[in-house]
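Asks: My structure is below; once you've seen it, I'll send some questions.
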Amino acid sequence: MAGVETIGILGTRGIPARYGGFETAAETIAVGLRRAGFRVIVACEAGDSSQARPDSYAGIRLMYFSVRDSLRPLSEIVYDVRSLLVVGTKVDAIYMLGYGAGFFFWIARLLRKTLVVNSDGMEWMRPKFGRTARFLLRLSERFGLTAANVIVADSRRVAEYVERTYGRTPVFLPYGSSIASSPPTWDPEAIEKWHQGLSHSLKPNEYFLVLARMEPDNNIDKIIQGFALSHTTRNLLLVGPCVSPEYLSRLKVLADKDPRIILAGPIYDPGIKTMLRWHCAAYLHGHMVGGTNPSLLEALSAGNVVIGTDVEFNREVIGDGKNLPAFYFRPDPLSIAKAIDYADPELLALRERARVWGPARIREAYNWPDIIRGYESLFNAF
């Protein structure tokens with residue numbers, strides 16, 4: 001191994017993953033680098049005092065820092081800065097996922113550490129941010145990417161943006177996904193244990209699935225409104241955490257208007273998540289920004305027919321569409337309803353094609369073993 005022996009992975013809520021695709025990617029990368037012989041430290045949110053705080057996971061050292069939910073995202077910036085200061089003294093290289101604390105990335109240079117920054121998905125484009133927040137995020141992006149020794153882009157579209165905007169060529173390392181070795185069986189008891197009463201209304205092949213963070217950026221409210229306008233007899237199952245009580249209240253009001261719509265809340269059991277993906281009729285993907293989105297990769301690996309937002313990031317992941325069936329919509333309820341109604345009659349036949357070509361797309365471009373080897377090469381080059 002070259003000069004880098006210990007790597008700190010910062011910028012996520014920590015591992016084991018319990019929040020979203022970003023954390024799942026961080027966990028997979030951390031485990032892969034540890035198996036490759038690197039020592040790895042991951043910064044984790046401390047959570048409340050009732051939550052377990054193990055010192056290690058899969059041979060990876062975990063270090064905890066507090067975050068106040070009531071003060072996000074400001075508290076997240078403080079979290080990242082504290083992580084930089086503390087973890088930065090214990091590692092040779094820092095891998096920062098995202099640039100929310102980009103104004104403070106000079107700390108890594110001050111500590112004389114190699115800084116690798118994942119440019120994420122152009123956070124300033126997210127609709128949830130107002131004009132001032134977008135300005136500060138763009139400024140933070142500029143500070144953060146300028147400070148980085150190496151920039152990692154998880155999407156070729158993001159890489160093009162970074163090169164065009166900052167004149168630097170990122171290393172392209174997308175997120176990946178794993179393909180189930182065998183189809184998971186439908187288990188009503190597991191569903192009932194997770195969500196009491198749900199097994200009676202949820203049947204294989206008879207539901208559309210959204211498995212994502214419940215936030216405006218992912219167009220969850222528009223998906224619910226669009227689905228309510230559609231004519232399908234299938235249900236809509238929405239699974240995922242929601243940080244904003246106000247947005248969650250809005251979603252509940254919208255969902256309560258249509259008995260086909262089930263707002264189920266978060267699930268962290270990977271077995272149940274895989275089962276829900278495998279047995280859905282189609283996957284609805286409302287993400288607008290974010291580069292290579294992990295939940296979209298997981299949908300492809302499960303052989304889902306994808307009905308998604310028509311943006312360049314999603315089309316890049318899905319590919320040319322010649323073999324893999326996919327449908328696109330604009331982020332408005334009427335367009336979503338039309339896409340659902342257009343796909344609905346042929347979904348099960350289309351899913352047979354997706355069962356073949358979705359995993360094939362993952363093996364071709366988004367398989368974790370190749371991606372981890374890319375990370376090994378990156379850190380061995382220092």
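The values are calculated or read from the model by the stated rules, or taken from the named source; none is laboratory data. What you see is a predicted model; the values in this text were computed from it and never measured. Note: ideal-geometry Cβ built from the backbone for every residue, glycine included; neighbour counts use all protein chains shown. In case anyone asks, the SASA skips ligands and DNA or RNA and just uses the protein heavy atoms, side chains included. Shrake-Rupley method; radii C 1.70, N 1.55, O 1.52, S 1.80 Å.
Asks: Give me the pairs, please: first residue somewhere in the range 174-185 and closer than 11 Å to G271 by Cα, second residue anywhere and among the hydroxyl-bearing types (S, T, Y) and open to solvent by 50 Å² or more (accessible area, probe 1.4 Å), beta-carbon distance under 8 Å, and either six or more positions apart or on two chains.
Replies: Pairs that qualify, where the first residue is closer than 11 Å to G271 by Cα and the partner is among the hydroxyl-bearing types (S, T, Y) and open to solvent by 50 Å² or more (accessible area, probe 1.4 Å), are A180/T274; P184/T274.
Asks: List the pairs whose first member sits in the range 234-257 and is modelled with pLDDT of 95 or more, whose second member is of a type in the set (G, A, S) and not in a loop (DSSP other than H, G, I, E, B), and whose Cβ atoms are under 8 Å apart, counting only residues at least 6 apart or on separate chains?
Replies: Pairs that qualify, where the first residue is modelled with pLDDT of 95 or more and the partner is of a type in the set (G, A, S) and not in a loop (DSSP other than H, G, I, E, B), are L237/A264; L238/A255; L238/A264; V239/A264; V239/G265; L254/A228; K257/A228.
Asks: Separate question: Just to check your reading of the model, which residue among R363, R355 is open to solvent by 70 Å² or more (accessible area, probe 1.4 Å) and touching a residue at least 12 places away in the same chain (Cβ under 8 Å)?
Replies: R363
Asks: Another question about this same structure. What about T165, is it assigned to a loop (DSSP other than H, G, I, E, B), of a type in the set (S, T, N, Q) and either over 30 Å from R355 (Cβ atoms) or open to solvent by less than 70 Å² (accessible area, probe 1.4 Å) (or both)?
Replies: Criteria not met by T165.
Asks: When you scan the range 197-210, do you find a residue that is surrounded by 14 or more Cβ atoms within 10 Å (Cβ to Cβ), assigned to a helix (DSSP H, G or I), of a type outside the set (S, T, Y) and touching a Lys or Arg at 6+ places or on another chain (Cβ under 9 Å), even just one?
Replies: no
Asks: I need the full set of residues from the range 303-312 which are open to solvent by 10 Å² or more (accessible area, probe 1.4 Å) and in contact (Cβ under 8 Å) with a residue 40 or more places away in the chain, in order please.
Replies: E312
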